[in-house]
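A short write-up of the structure that comes next.
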Amino acid sequence: MAQGTPSWLNIDFTQRILRLAEDDSTIQVVDIFTKPATSKGDNYTSDMVRVAVEYTRKQGDKEVSGKRTLLFKFEPIEEGRKKDLIEQSNIFETEICMMTDALKKMSEMLGSRLSARVYHVRMERPLCLIMEDLAPLGFRMANRQIGLDLTHSMLAIKGLAKFHASSVALCEKEPRQKQVYNKGLFYGQHPEEMKHFFGAACMGLGIEMETWPELEKRYSDKIKELSKTIYSKGVEAVKCKEDEFNVINHGDFWVNNMLFRYDENNKPIEHVFVDFQLSFYSTPVLDLQYFMNSSLNEKVRKEDTETLLKEYVDTLTATMKQLGCKTRPPTMQDLEKSFKERVMYGIITLMTILPVIVIDKAEVQDLDEMLPKNGVASNPGFKHPVFRRIMMEKLPKYIDQGLLD
């Protein structure tokens, strides 16, 4: 058994789940094998266990053998700050709502898969989602350190547009959905430790920037001063405005929270979403900013962001029309206006999320290591050449424009 796996994850429990998944009461589980489903740095707010199942089933008069894998996604199992933080924030409950209700309805509207199928939810602590394993179907993560090229990025942005469009259709039919998804990453009632993470990360960046000889001291001073208000600025940036175009945002739309399926030439041909703990209702510009400031490779970020935005608007508009939405989709001008008003969200993503993503695998930290100590969260990603290059390009512009005041 994988380390920390609960005792109830046994042959009998797995047999009940597999019978449900396969809709076959003749299944008899012979044995199960468990191992961690993700590596350190692939997933920060849950524990993923892959369960390989050996079983027999009846086919007519014959008994045949089979193998199948299932994914068990737990709230953090081991005692510690990470476990306490996730339980107190209730973000796992958000994911359960998304995967058992909203996403099922959105996928049905689209007639296509948005995410893995859920077979069962265990509502006792630690909460657990039992899902299909998409790896045998050929889905896998892209390379987080390199960032997404244009082919991957276009597939992801089309997927995001369809996700958003179907959420509009869902909210038109069920307005209550708007109130269900009201937290996200920046939420005034989250535990203090979650809020402190952003301030401490900002302070850590300011201290690191003191060692960058290319920058004047006023830049690092400005970043350190921002650490006092960065979380409240994030809360302000994500506020839903009723006179804007709004959707259910994925909320954590970066390269590790999507899977791609590839053809025989290793070209990505299908995209799905994973991890819905931070989903929230507000302007789609927030998902777009998060994605563009965290997951694009440098070439795409410099040359193709307008192409991606145009593809997003075109796909969103076409999908909303296909779904019969009454809401008017945004134009490029609408999005550009919202981007300017919510620019702080992109800046925060750049300063605190990007360094977590570009970090070399040998230096990857888990959430417990990333949580602040003495008011400072030091991150090896601050020293990464890609992060430093992007910051050197963007930070002086932000400060000279008064965006960090």
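The values are calculated or read from the model by the stated rules, or taken from the named source; none is laboratory data. Because the structure is predicted, anything quoted here is derived from the model rather than measured. With ideal geometry, Cβ positions are generated from the backbone for all residues, glycine too; neighbour counts draw on all protein chains shown. Just so you know, the surface numbers come from the protein's heavy atoms only, side chains and all, with ligands and any DNA or RNA stripped out. Shrake-Rupley method; radii C 1.70, N 1.55, O 1.52, S 1.80 Å.
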- Tally, over segment 36-91, of residues that are polar (S, T, N, Q) and at pLDDT below 90: 8
- May I ask you to verify whether THR307 is closer than 30 Å to LYS224 by Cα and either touching a residue at least 40 places away in the same chain (Cβ under 8 Å) or open to solvent by less than 30 Å² (accessible area, probe 1.4 Å) (or both)? no
- Here the residues within segment 136-148 that are in contact with a strand residue (DSSP E or B) (Cβ under 7 Å, 6 or more places away or on another chain) and open to solvent by 10 Å² or more (accessible area, probe 1.4 Å) are PRO136, LEU137, GLY138, PHE139, ARG140, MET141, ALA142, GLY147
- Message: Take residues that are of a type in the set (Gly, Ala, Ser) and within 21 Å of the chain's Cα centre (by Cα) and tell me which of the helices (runs of 4 or more DSSP H) falling wholly in segment 184-257 contain 1 or more.
- Response: 192-209, 230-237
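Okay, residues lined up against (1) free of Cβ contacts under 8 Å to residues at least 40 places away in the same chain; (2) closer than 29 Å to LYS162 by Cα; (3) open to solvent by less than 60 Å² (accessible area, probe 1.4 Å):
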site: LYS302; (1), (2), (3): yes, yes, no
site: GLU336; (1), (2), (3): yes, yes, no
site: ILE353; (1), (2), (3): no, yes, yes
site: MET391; (1), (2), (3): no, no, yes
site: GLY402; (1), (2), (3): yes, no, yes
- Here the residues within segment 97-121 that are open to solvent by 40 Å² or more (accessible area, probe 1.4 Å) and either touching a residue at least 40 places away in the same chain (Cβ under 8 Å) or under 20 Å from PHE253 (Cα atoms) (or both) are CYS97, THR100, LYS104, LYS105, MET109, SER112, ARG113, ARG117, HIS120
- Message: Residues that are β-branched (Val, Ile, Thr) and open to solvent by 10 Å² or more (accessible area, probe 1.4 Å): does segment 253-271 have at least one?
- Response: yes
- Query: Does THR56 satisfy the criteria of being within 16 Å of ALA21 (Cβ to Cβ), under 21 Å from the mean Cα position of the chain (by Cα) and free of Cβ contacts under 8 Å to residues at least 40 places away in the same chain?
  - Reply: no
- Task: Check LEU129, LEU155 and return the single one that is open to solvent by less than 30 Å² (accessible area, probe 1.4 Å), in contact with a strand residue (DSSP E or B) (Cβ under 9 Å, 6 or more places away or on another chain) and either in contact (Cβ under 8 Å) with a residue 24 or more places away in the chain or in a helix (DSSP H, G or I) (or both).
- Result: LEU129
- Please enumerate the residues belonging to segment 264-273 that are at pLDDT below 95 and either in contact with a strand residue (DSSP E or B) (Cβ under 8 Å, 6 or more places away or on another chain) or within 17 Å of MET99 (Cβ to Cβ) (or both). none
- Task: List the helices (runs of 4 or more DSSP H) that sit entirely inside segment 269-359 and contain at least 1 residues that are of a type in the set (Ser, Thr, Tyr).
- Result: 285-294, 305-322, 332-341, 343-348
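Considering only segment 182-203, state which residues are touching a strand residue (DSSP E or B) at 6+ places or on another chain (Cβ under 9 Å) and buried (at least 23 other Cβ atoms within 10 Å of the Cβ).
Those that are touching a strand residue (DSSP E or B) at 6+ places or on another chain (Cβ under 9 Å) and buried (at least 23 other Cβ atoms within 10 Å of the Cβ): GLY184, LEU185, PHE186, ALA200, ALA201, MET203.
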- Please determine, by comparing only the residues of segment 361-374 that are at pLDDT 65 or above and of a type outside the set (A, V, I, L, M, F, W, C), which one is least open to solvent (accessible area, probe 1.4 Å). GLN365
